[in-house]
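> I am attaching a structure below and will ask some questions about it afterwards.
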Amino acid sequence: TFPRSPRWKKEDVTFRILNYTPDMSQAEVDEAITKAFQLWSSVTPLRFTRLYSGEADIMISFASGFHGDFYSFDGPGGTLAHAYPPGNGIGGDTHFDEDEFWIKSNTHEGYNLFLVAAHELGHSLGLGHSNVFGALMYPIYMARDTRNYRLPQDDINGIQALYGPPKESPAFPPQEPTEMTPAEAPTEMSPREEPTEVTPSERPQDCDPHLTFDAITTLRGEILFFKGSYVWRKSPYFSEIERDTISTFWPSLAAGFDAAYEIDKKDRVIFFKDNKYWAVSGYNIQPGFPKPIQNLGFPRSVKKIDAAVHDQNAKKTYFFVGNKYWSFDEHTQSMERGYPRKIAVDFPGIGHTIDAAFQKNEHFYFFHGSNQYEVDIKNKKLVRTMKSNSWFDC
Amino acid sequence: FPVAPETEKEDMQFAQKYLENFYDFKEEKNFRTTHLNPMADKIREMQSFFGLEVTGELNRKTLDMMKQPRCGIPDVRSYS
């Protein structure tokens with residue numbers, strides 16, 4: 001509860017909806033708010049009556065930015081709504097940020113009005129925030145299925161500490177039972193770019209001496225190693241290798257990258273799969289992707305690439321296909337003349353194809369099968385050979 | 001992920017605003033404060049509330065949590 005546990009000193013509490021969001025129909029807004037009140041009346045003796053004029057205990061409105069109280073809203077994201085503990089005047093009132101996109105069910109982007117209203121009305125009745133993950137009064141928004149939503153026990157405990165349990169009669173005045181029209185069947189997730197028949201497989205052991213990789217890239221000082229749907233993450237900030245899946249970071253990207261590289265000056269990582277590529281910045285996939293690799297200047301005969309690595313100093317990116325490689329000039333955004341060239345000619349000691357590559361501290365690291373080759377960038381000389389998973393401190 | 005370097009300063013400002021809004025942080029105007037990092041206590045309080053590792057440092061996980069969409073009511077006191 002709030003300091004000094006403010007609560008309504010009566011069981012009949014009134015509410016009024018002052019205005020509506022254009023994101024939903026008025027009937028949907030009414031339904032969401034009515035259902036939110038029912039959540040609380042079903043576990044307490046409280047009864048809620050809707051007023052259509054005058055002053056109600058709980059005045060509900062949508063507003064954006066500064067809206068007449070000391071707590072302006074902040075545009076899309078961030079703060080979604082707020083409400084005041086029971087009391088006179090602004091006490092009990094609930095405000096929703098109109099700069100958010102309000103939705104009826106979780107089938108598309110936006111915030112579920114019923115969920116947020118149920119949380120805010122918890123405040124209007126006197127509840128503070130809960131640090132129980134999954135509780136309705138947890139401060140952070142969590143999308144969840146609301147069709148048969150049941151109030152978590154932590155919230156029931158909290159509200160009943162203020163008002164006690166319901167009397168035997170139905171606590172909410174008998175009303176037309178507002179069945180939540182079954183939310184539209186969840187639309188199919190937008191099909192991934194390529195249907196991935198990635199067979200669910202065991203995550204390979206970090207220290208398997210035969211471990212190979214599909215693609216490797218740096219990302220803001222970390223190194224990400226990709227294989228199938230799995231990612232190993234080596235960070236200078238943490239001693240432990242972190243094991244994740246691609247979908248953890250980029251849910252809409254297909255698993256099984258062919259190549260990846262970072263252009264650190266642009267805070268951008270480029271992923272390749274088959275004849276397409278995507279650009280991401282952190283977790284965000286840049287708009288307009290994927291694009292065909294021919295946009296980079298590859299001939300039609302190239303259907304996919306094996307590996308890619310960006311030379312941050314020379315501002316060039318090397319693409320490896322079979323036993324040849326191309327050099328892409330990031331300034332002119334075009335392939336350099338005189339390419340492709342043979343890998344074995346320019347990188348002595350690397351006499352075969354390359355599965356993955358990345359750059360770190362003036363060295364290229366090329367991966368072929370379970371072996372890794374450290375190459376000095378300046379003179380393209382092979383410095384040493386290691387096992388592919390030498391970065392995992394086996 | 002780590003934050004892109006140029007955003008670190010912005011993140012410090014963001015975190016200060018977050019702690020002012022939700023954890024009653026008041027920036028010490030006078031410079032006699034003994035605290036090297038006056039925000040550290042409030043960061044610890046927020047980390048403890050959300051069950052994060054309590055370090056008092058604005059690390060990546062803490063910042064990610066601060067950037068989640070949420071309710072505007074403070075976590076440690078009601079609106080005054």
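> Please get the size of the charge dipole for the protein assembly as shown, origin at its Cα centre, with Cβ charges of +1 on Lys and Arg and -1 on Asp and Glu, quoted in debye to the nearest 20.
For this selection, approximately 1240 debye.
> How many angstrom separate the Cα center of the range A:44-104 from the Cα center of the range A:361-384?
Taking the Cα centre of each part, the range A:44-104 and the range A:361-384 sit 60 Å apart.
> Among the listed pairs A:LYS303/A:LYS381; A:LYS265/B:LYS17; A:LYS266/A:LYS360, give every one whose C-alpha distance is greater than 25 Å. Kindly include the intermediate steps, with their values, before the conclusion.
Values: A:LYS303/A:LYS381 29 Å; A:LYS265/B:LYS17 28 Å; A:LYS266/A:LYS360 17 Å.
From the list (A:LYS303/A:LYS381; A:LYS265/B:LYS17; A:LYS266/A:LYS360), the Cα-Cα distance tops 25 Å for A:LYS303/A:LYS381; A:LYS265/B:LYS17.
> Fully extended, how many nm does the chain gain between A:PHE392 and A:ARG203 (0.36 nm per residue separation, minus their Cα-Cα distance)?
Gain in length upon complete extension: 66.6 nm.
> Can you tell me the relative contact order of the range A:75-154? Whole percent, Cα pairs under 8 Å, sequence separation 6 or more.
25 percent
> By a straight-distance test (C-alpha under 14 Å), which aspartates and glutamates pair with A:LYS291 as possible cross-link partners, with residues fewer than eight away in the same chain excluded?
A:GLU193, A:GLU194, A:ASP274
> OK, next. Take the Cα radius of gyration of the protein assembly as shown and divide it by 2.2 N^0.38 Å, with N its residue count; two decimals is plenty.
Relative to the 2.2 N^0.38 Å estimate, the protein assembly as shown comes out at 1.22.
> Also, quick follow-up: A:LYS381 to A:THR353: extension gain in nm, 0.36 nm per residue of separation minus the Cα-Cα distance?
8.4 nm
> Enumerate the aspartates and glutamates that A:LYS227 could reach by cross-link, defined here as Cα to Cα under 12 Å, with residues fewer than 8 away along the same chain left out.
Here the aspartates and glutamates satisfying the reach criterion relative to A:LYS227 are A:GLU202, A:ASP206, A:ASP214, A:ASP244, A:ASP258, A:ASP355.
> Add -39500 (n - 2.57) for each DSSP H run of 4 or more in chain A, then divide by its residues: what number comes out at 222 nm, to the nearest 500 deg cm²/dmol?
-3500 deg cm²/dmol
> Of all DSSP beta bridges located in the protein assembly as shown, what percent are antiparallel, nearest 5?
Numbers: 64 of 79 bridges.
Restricted to the protein assembly as shown, the bridges split so that about 80 percent are antiparallel.
> Then there's this: Name the residue farthest towards the positive end of the dipole of the range A:21-100 from the options A:ALA63, A:LEU80, A:PRO45, assuming +1 on Cβ of Lys and Arg, -1 on Cβ of Asp and Glu, about the Cα centre.
Projecting each Cα onto the dipole axis, the largest value belongs to A:PRO45.
> Hey, another quick one. 7 Å from Cα along Cα→Cβ at both A:SER25 and A:ARG150: what's the point-to-point distance in nm?
Going by the 7 Å Cα→Cβ label model, 3.1 nm.
> Turning to a different aspect of this structure: Can you sort B:ILE73, A:ILE17, B:ILE43 by how many other beta carbons sit within 10 Å, fewest first?
By the 10 Å Cβ count, ascending, the order reads A:ILE17, B:ILE43, B:ILE73.
> Could I ask something else about it? How would you rank A:VAL13, A:VAL345, going from fewest to most other Cβ atoms within 10 Å of each one's own Cβ?
Ascending Cβ contact count within 10 Å gives the list A:VAL345, A:VAL13.
> Straight distance only, please: which aspartates and glutamates reach the Cα of A:LYS167 with their own Cα at less than 12 Å, same-chain residues fewer than 8 apart left out?
Counting by Cα, and skipping residues close in sequence, A:LYS167 has these aspartates and glutamates nearby: A:GLU11.
> Right, next: Please tell me the relative contact order of the range A:1-55 in percent, rounded to the nearest whole number, where contacts are Cα pairs under 8 Å and at least six residues apart.
53 percent
> What net charge do the residues around A:LYS378 carry, taking every other residue with its C-beta under 14 Å from that of A:LYS378, with Lys and Arg at +1 and Asp and Glu at -1?
Taking every other residue near A:LYS378 into account, the sum is -2.
> So, one more: Would you list A:GLU31, B:GLU8, A:GLU374 from fewest to most Cβ contacts within 10 Å?
Lowest to highest Cβ neighbour count: B:GLU8, A:GLU374, A:GLU31.
> Treat each spin label as a single point 7 Å out from the Cα along the C-beta direction, and report the B:GLU8 to A:LYS324 distance in nm.
Each label point is offset 7 Å from its Cα along the Cβ direction, giving 4.4 nm.
> Would you mind giving the three semi-axes, in whole Å and largest first, of the ellipsoid equivalent to the range A:282-339 according to its Cα gyration tensor?
Details: eigenvalues 70, 50, 27 Å².
Semi-axes, largest first: 19, 16, 12 Å.
> If you take the Cα Rg of the range B:36-76 and divide it by 2.2 N^0.38 Å, with N the number of residues, what do you get?
1.12
> Quick one: grab Rg to one decimal and Dmax as a whole number for the range A:1-67, Cα atoms only, in Å.
Radius of gyration, then largest Cα-Cα span, for the range A:1-67: 13.5, 38 Å.
> Here is a further query. Given 10 Å bins starting at zero, what is the percent of C-alpha pairs of the range A:302-367 in each, up to the one with the largest pair distance?
22, 57, 21, 0
> Here is a follow-up. For labels at A:ALA161 and A:SER64 in the simple 7 Å Cα→Cβ model, what's the distance in nm?
Here the answer is 3.8 nm between the modelled labels.
> So, one more: With Cβ to Cβ distances under 15 Å as the rule, what net charge do the other residues near A:GLU262 carry (K, R +1; D, E -1)? Mind showing how you got there, number by number?
Working: positive: A:ARG220, A:ARG233, A:LYS234, A:LYS265, A:LYS266, A:ARG268, A:LYS315, A:LYS316, A:LYS360; negative: A:GLU222, A:ASP264, A:ASP267, A:ASP311, A:GLU330.
Cβ neighbours under 15 Å give a net charge of +4.
> Of A:VAL29, A:THR385, A:PRO287, which is farthest on the positive side of the dipole of the protein assembly as shown, counting Cα position, with +1 on Lys and Arg Cβ, -1 on Asp and Glu Cβ, and the Cα centre as origin?
Sorting the options by dipole projection puts first A:THR385.
> Counting pairs of alpha carbon atoms under 8 Å apart in space and at least six apart in sequence, what relative contact order in percent does chain A give?
Relative CO of chain A lands at 11 percent.
FYI, it's all coordinate maths here, none of it is from the lab. Just so it is clear, the structure is predicted and the values come from calculations on it, not from any experiment. Cβ: placed from backbone, ideal geometry, glycine included. Neighbour counts: every protein chain shown.
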